[in-house]
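Inspection log for the structure reproduced underneath, given as structure tokens.
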Amino acid sequence: MSEKTIALVTGANKGIGYEIAVGLGALGWSVGVGSRDAERGDAAVAKLRADGVDAFAVPLDVTDDASVTAAVALVEERAGRLDVLVNNAGVTGGMPQMPTTVDIETVRTAVETNVLGVIRVTNAMLPLLRRSMSPRIVNMSSSVGSLARQTSSDDPTVTGPVAVAYSPSKTFLNAVTVQYAKELRDTAILINAACPGYCATDLNGFRGVRTAEQGAAIAVRLATLPDDGPSGGFFEDAGVVPW
């Protein structure tokens, strides 16, 4: 087994995922760069390595069982275990998303990646995570999934646009995170949801007000929690995000 801390970040070839890989790599960790597009993944790995990060490519489509199974085999062969899993891969599902006119496939696409993909990858990687002394799972969520914020404000800078696929998919992910924490409470695994803030990325047409690097900071913090750290929580840079 590798003596380095081993991390896997899904959707890491660009944006916040890439910056999470940068942040974890700066700690001296070995970082698997999960990417649905193998060429883009290889390019990201090359860039990370040029900057001194011990990165390796992990072809990974979180919506495909065979792809996830192959990713598990790759990580096991390379490192023998997994210390940190960051479920970052996500999609909006496509816009517009008005509840009364939305295409059901738009909702299905968002849930398939943002929720079912997280469950699929997490369950597949759990045997490797259980081999770690201090396993951590970080689910990249969003404050637009906060029902408290959605119902306490009409300010789109707080709630985001009306989005019946994307926002509820993050609410769903938050609830899933809590259920994992409940099941795993008697293990060493800590699992939390993270809000990166409104970052300028491909996901929103680069309309965000924060950088991807800033958005990655909360994931790095949750990935490096001490053994007595929280589990089943929802956090942003400023602290706890209300459910």
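Points to keep in mind about this one:
- For the stretch 95-146, the C-alpha radius of gyration sits at 1.55 times the compact-globule guess of 2.2 N^0.38 Å, with N the residue count.
- Relative contact order [Cα under 8 Å, 6+ residues apart], the stretch 100-243, whole percent: 27
- Scanning the chain for trypsin sites (Lys or Arg not before Pro) lying in DSSP loops with no more than 12 further Cβ atoms inside 10 Å, the longest uninterrupted stretch between such sites is 1-184.
- log10 of Debye I(q)/I(0), alpha-carbon scatterers only, for the stretch 63-176 at 0.09 Å⁻¹: -0.30
- Summary value for the stretch 53-150: 36 percent relative contact order, contacts being C-alpha pairs under 8 angstrom separated by 6+ residues.
- Relative counts (whole %) of C-alpha pair distances in the stretch 107-243, using bins that are 10 Å wide: 12, 42, 35, 10, 1
- Contact order relative to length of the chain, as percent, for alpha carbon pairs under 8 angstrom and 6 or more apart: 19
- Carbon plus sulfur fraction of accessible area for the chain, probe 1.4 Å, in percent: 55
- Counting only protein heavy atoms and a 1.4 Å probe, the chain has 46 square angstrom of accessible area per residue.
- With all protein chains in place and ligands, DNA and RNA left out, the 1.4 Å accessible area ranks Leu128, Leu147 as Leu147, Leu128, largest first.
- In the stretch 1-136, the alpha-carbon atoms span a convex hull of 104 Å³ per residue.
- Rounded Å value of the spacing that divides the Cα centres of the stretch 10-87 and the stretch 137-166: 27
- Largest mean-square fluctuation among Asn13, Asn123, Asn174, in a Gaussian network model of the chain whose springs join Cα atoms under 10 Å apart, belongs to Asn123.
- Value of Rg to Rh for the chain (Rh from inverse mean 1/r over Cα pairs, i.e. Kirkwood): 0.95
The values are calculated or read from the model by the stated rules, or taken from the named source; none is laboratory data. Model, not experiment: these values are computed from the prediction. Reconstructed Cβ throughout: ideal geometry from the backbone, glycine too, with neighbour counts over all protein chains shown. Accessible surface areas use protein heavy atoms only, side chains included; no ligands, DNA or RNA. Shrake-Rupley method; radii C 1.70, N 1.55, O 1.52, S 1.80 Å.
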